[in-house]
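All remarks here apply to the structure that follows.
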Amino acid sequence: MLFLGFYVSKRIHSDSDYFLAGKSMGPLLATFSIFATWFGAESCVGTSSKVFQLGFGGSLTDPFGYVICIFLMGLVFSRILWRTNFTTIADVISDRYGKKIEFITAVLIIPGSLIWAGAQIKAFGNVLQANMSVNIHIATTIAAGVILIYTISGGLLADAYSDLIQGFVLIIGLVVLMITVVIDSGGISSTWALAQQQNTLIQNTIEPITWSIRIETLMVPILGSLMSQELVSRILSTKNEKIAYRSCLWAGWIYLLIGIIPITLGLVGSSVLPGLEQTDMLTPLLAKKYLNYYFYIIFLGALVSAILSTVDSTLLAVSAIATHNLFPQYKNLPEKKKVFYARLGVLVSGLIAYAVAFSSDTISGLVEYASSIGGPIILSIVIFALFTKIGNATNAGIAIAVGAISWVIFEFFVEINTPVILTTVMTIIGYIGVSVIRKCYVKLPFTQATLRKWIGVFLP
C-alpha cells in the first residue's frame with residue numbers, strides 16, 4: 001500500500017490534485033473511498049468493544065449513526081455541495097459569510113479531526129501490540145510513523161486508490177472471521193441464539209439506558225460528522241454530482257451490511273472471552289483464537305487497511321483546512337509550493353494526532369469526543385448557507401458563539417444527557433434569533449433617539 005501511495009504521488013502537480021484527486025473519482029473509486037474512510041478503527045475495533053460492554057445498544061453510534069450520516073449526505077447535500085466547486089467546507093462558509101467566519105469555522109473543525117486521527121493511530125498501536133508483544137507506546141509510535149510516511153507521499157488520489165484495495169481486503173477479512181465464528185458456534189441459528197442470550201445477560205448487568213441517551217448516542221455521528229471535511233472532500237472529488245449522489249448511497253449500504261459483523265463479534269465475544277478488561281483488544285483476540293495463520297494474516301491486513309484508509313483522509317482534511325482557510329497567502333502561491341505546504345500540514349497534523357492518541361483509554365471514547373466538537377455548529381450554519389437566504393455574517397458569528405458556549409457548558413459544567421442535540425438547537429436559535437431581533441427592531445414605531453429617551457426615564 002505504501003508503494004501504491006508513492007507511485008500515484010507522481011501524478012500530483014497542484015493542490016487540487018493533492019486534496020481533491022483532480023476531481024477525477026468515478027463511482028467505484030468514490031464508493032469505496034467513502035466506505036473505507038468511515039469504516040475505520042471505531043467500526044472494526046471500537047464497536048465490538050462497546051457491544052461487549054453494553055450489548056446491542058453499544059452499536060447505535062457505529063454502524064447505525066454513521067450509516068444514516070452517509071445516506072443523508074447522499075440524499076440531501078451531495079448534489080448542492082458538488083456544484084459549489086470549492087475545496088473545503090470552510091470555503092463554502094467563506095463564500096456566504098466572509099473571511100472572519102471562515103477563520104473561526106476552520107479553528108472549530110481542526111480539533112475534532114485531530115482527535116479522530118489520534119483514535120486511528122491508537123487502534124493501529126493496539127493491533128501491533130497484540131501481534132508483536134511490544135509496549136503500547138512503542139507500538140503507537142511505529143503506527144504513527146508508518147501512517148505519516150504513507151499519507152505525506154500520496155494525497156487524496158493515492159488515498160482513493162488505496163481505499164479501493166483496502167476496502168476489498170477489509171470486507172474479505174471480516175467476512176472470513178465472521179464465517180469462522182459462526183461455524184464454531186454451531187451455525188447461523190446457534191450464533192443468533194447465542195448473541196441474543198449474551199445481549200440479555202449484558203443488559204441485566206448494566207444500568208438501564210434512557211431513551212434520551214440512546215437518541216443522543218445515535219445523533220452524535222449524524223450531527224457531528226455530516227459536514228466533516230473527510231466526507232465533503234469525497235463529494236467534491238467526484239467527476240459529477242450524479243456520481244457523488246450514488247456513491248454515498250452505495251457506500252451506506254455496504255457500511256450497513258459489513259457493520260453487522262462487529263456487532264455479532266461483540267456479543268459472541270462476551271461468552272468466548274468473559275471478563276476481558278482491555279475490550280479494545282476483543283476483535284484482534286477473537287481473530288487470533290479462531291483463524292489459522294494465513295487467514296489471520298488476511299484479517300490483520302484488513303484491520304490495518306481500515307485504520308490507514310481513515311487516518312490518511314483525516315490528516316489530509318486537517319491540512320486542507322489549515323492551508324486553505326488559515327493561511328491567507330496560500331492561494332497566491334505557485335502550485336509547487338502549495339503542494340509543499342500541504343504535505344507539511346499533513347506532517348504537523350500527524351505529530352499532533354500522535355500526541356492525542358495517548359490522551360484516552362478507549363478508541364470509541366476518542367471518536368465520540370471528536371464528533372461532538374464543532375461538527376453540530378458547522379452543520380447548522382452550513383444548512384442556512386446552502387438552502388436559505390436568511391442571515392449574514394452576524395447571524396453566523398452569534399450562532400457559533402452561542403453554540404460553542406453551550407457545548408462547553410453542557411460538556412463540562414452541566415450534567416445533561418443530550419449535550420450535542422442541545423448544542424445544535426442553541427446554535428440554530430442563535431442564528432434565527434439575530435434575524436428575529438433585527439426584524440422586530442426595524443418595525444419599532446419610533447427612532448433610536450426616542451427609545452433612548454424612554455429608557456432614560458427608568459434610569460437613576
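What to note about this one:
- Of the residues contained in the stretch 13-31, none is found to be closer than 21 Å to ARG234 by Cβ, β-branched (Val, Ile, Thr), under 14 Å from the mean Cα position of the chain (by Cα) and crowded, with 18+ Cβ neighbours inside 10 Å.
- Among (1) farther than 13 Å from SER113 by Cβ; (2) buried (at least 23 other Cβ atoms within 10 Å of the Cβ) - the single one SER319 does not satisfy: (1)
- The residues of the stretch 62-93 that are crowded, with 24+ Cβ neighbours inside 10 Å and not in a loop (DSSP other than H, G, I, E, B), listed by number, are ASP62, PRO63, TYR66, CYS69, ILE70, MET73, SER78, ILE89, ALA90, VAL92, ILE93.
- Yes/no for VAL425 being assigned by TED's automatic domain parsing to the domain that holds ASP159, touching a helix residue (DSSP H, G or I) at 6+ places or on another chain (Cβ under 9 Å) and either within 30 Å of CYS44 (Cα to Cα) or modelled with pLDDT of 85 or more (or both): no
- Some residue of the stretch 258-276 being surrounded by 14 or more Cβ atoms within 10 Å (Cβ to Cβ), under 17 Å from CYS69 (Cα atoms), in contact with a Leu (Cβ under 8 Å, 6 or more places away or on another chain) and not aromatic (Phe, Trp, Tyr): yes
- The residue list LEU170, LEU156 contains one member that is under 30 Å from SER16 (Cβ atoms), touching a strand residue (DSSP E or B) at 6+ places or on another chain (Cβ under 9 Å) and surrounded by 24 or more Cβ atoms within 10 Å (Cβ to Cβ), which is LEU156.
- Output for the stretch 404-420, where each listed residue is of a type in the set (Val, Ile, Thr) and farther than 15 Å from ARG214 by Cβ: ILE405, VAL408, ILE409, VAL414
- If only residues of the stretch 1-34 that are in a helix (DSSP H, G or I) and of a type in the set (Gly, Ala, Ser) are counted, the one that is modelled with the lowest pLDDT is GLY5.
The values are calculated or read from the model by the stated rules, or taken from the named source; none is laboratory data. Source: prediction; values computed, not measured. Heads up, the Cβs are rebuilt from the backbone with ideal geometry, glycines too, and the neighbour counts pull from every protein chain shown.
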